Amino acid sequence: LKHTHRNVSPPLVNMACITNIMKISMHFRGGITSKSTANGSVHLVQRTSNAKACSAQRPLGLRQVKARSMAEFSSLESEDGYMNEDGVFAEGKPASPDDNPSFDESEQERRSNDAFERVRVLSDALPFIQDFRGRTVVVKYGGAAMKDETLKELVVKDLVLLWCLGLKPILVHGGGPEINSWLTKLDIAPNFSPSGLRITDKATMDVVEMVLVGRVNKSLVALIDQAGGKAVGVCGKDGQLIRAKAINKEELGFVGEVTAVNCELLNSLCDAGVIPVVASVASDSDGNALNINADTVAGEIAAGLGAEKL
């Protein structure tokens, strides 16, 4: 940002710096370094993955930003390709209005307005990004938001964005809708107590553990990885992450409450640069699996870590 401030007038700093740097950080995290030249401009260098030249670097040759219209900011061009509007590096040259006879000037204006709005939001968010950088944020995800694939994708993208901005997100999830679906497939009737807790007998607990730990957890890890993040899926049993005890075994069965959280394990994962994805299944002192309400697990983890936000 300091280098760019020297070369770009203040009205253009937001678009030149924020939008392009955000795109680069999202899609080339860990794969790009920068080098300053004698004249103060910054060149981006992409690391190659060739085994014979693993340490070799090749310049992307980004053009110096001298925009005449907002449309020029929608792409980052290089000798080998350009960054398209979706933030994906593509080969060739970006299409121009001259190449498209049906190009609508009103569409160009709409895109420019959208770009201004995105930059305004990012600009307003900068002080908060600085304040929250390096802080731990626990996110509880479940319920109806797990049924809609579009919502699921948006949640994951937001989570990865927080991670790219330097926060330390921890995702705690339930899986009620999918648990109910599998119980129905196996002809097991789901039952709930008046307080809303799932009554969990041995057969139900087997399904809960299978669905939460084996399906939902790993699918969320895969979605985060696909969105450009790095995630590790765990449950309360792993590394004694969550210690628990049964609440009322006679009435609720294998339903538990948290007695302790292994904060060291979560901190180690966050410090290693990954997003912990925690399934709300733990075990008691006898090794029996327990189903724990995901809201409770998220609250206990946030409290144990002293998280900035839940």
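Some observations on this one:
- Stretching ALA189 away from ASN248 to a fully extended chain increases their span by 19.2 nm, per 0.36 nm per residue minus the current alpha-carbon distance.
- From phi via Karplus (6.51, -1.76, 1.60), per-residue ³J(HN,Hα) for the stretch 218-231 in Hz, x at Gly/Pro: 6, 5, 5, 4, 5, 5, 5, 4, 5, 7, x, x, 10, 10
- Across the stretch 286-301, rounded Karplus estimates of 3J(HN,Hα) from the backbone phi angles (6.51 cos²θ - 1.76 cosθ + 1.60, θ = phi - 60°) give 8, x, 6, 5, 10, 8, 10, 4, 5, 4, 5, 4, 4, x, 5, 5 Hz, Gly and Pro being marked x.
- Taking all Cα pairs closer than 8 Å and separated by 6 or more residues, the relative contact order of the stretch 147-207 comes to 20 percent.
- Accessible surface of the stretch 99-225 [probe 1.4 Å, protein heavy atoms]: carbon and sulfur percent: 56
- Entry for the stretch 180-235 at q = 0.31 Å⁻¹: log10 I(q)/I(0) = -1.18, Debye formula applied to identical alpha-carbon scatterers, no solvent contribution.
- Sum of side-chain charges, ASN288 neighbourhood, beta-carbon under 14 Å (Lys, Arg +1; Asp, Glu -1): -1
- Other-chain or far-sequence residues with amide H under 5 Å of GLY175's (modelled H): GLY143
- Alpha-carbon Rg with Dmax, taken over the stretch 173-272, Å: 15.3, 45
- The Rg/Rh ratio for the stretch 229-280 is 1.10, where Rg is the radius of gyration of the alpha carbons and Rh is the Kirkwood radius.
- Accessible area per residue, Å², the stretch 217-310 with all protein chains present, probe 1.4 Å: 45
- Remark: the stretch 183-285 carries a charge dipole of roughly 160 debye about the Cα centre, counting +1 on each Lys and Arg Cβ and -1 on each Asp and Glu Cβ.
- Computed FRET value (nearest 0.05) for GLN240 with GLU308, which takes r as the C-beta separation and R₀ as 25 Å: 0.50
- Note: relative contact order over the stretch 168-310, using C-alpha pairs below 8 Å and six or more positions apart, is 29 percent.
- For ARG135, net neighbour charge (Lys/Arg +1, Asp/Glu -1) across residues whose Cβ lies under 9 Å away: +1
The values are calculated or read from the model by the stated rules, or taken from the named source; none is laboratory data. This structure is a prediction, so every number in the text was calculated from the model and none was measured. With ideal geometry, Cβ positions are generated from the backbone for all residues, glycine too; neighbour counts draw on all protein chains shown. What goes into the accessible areas is simple: the full protein's heavy atoms, side chains included, and nothing from ligands, DNA or RNA. Shrake-Rupley method; radii C 1.70, N 1.55, O 1.52, S 1.80 Å.
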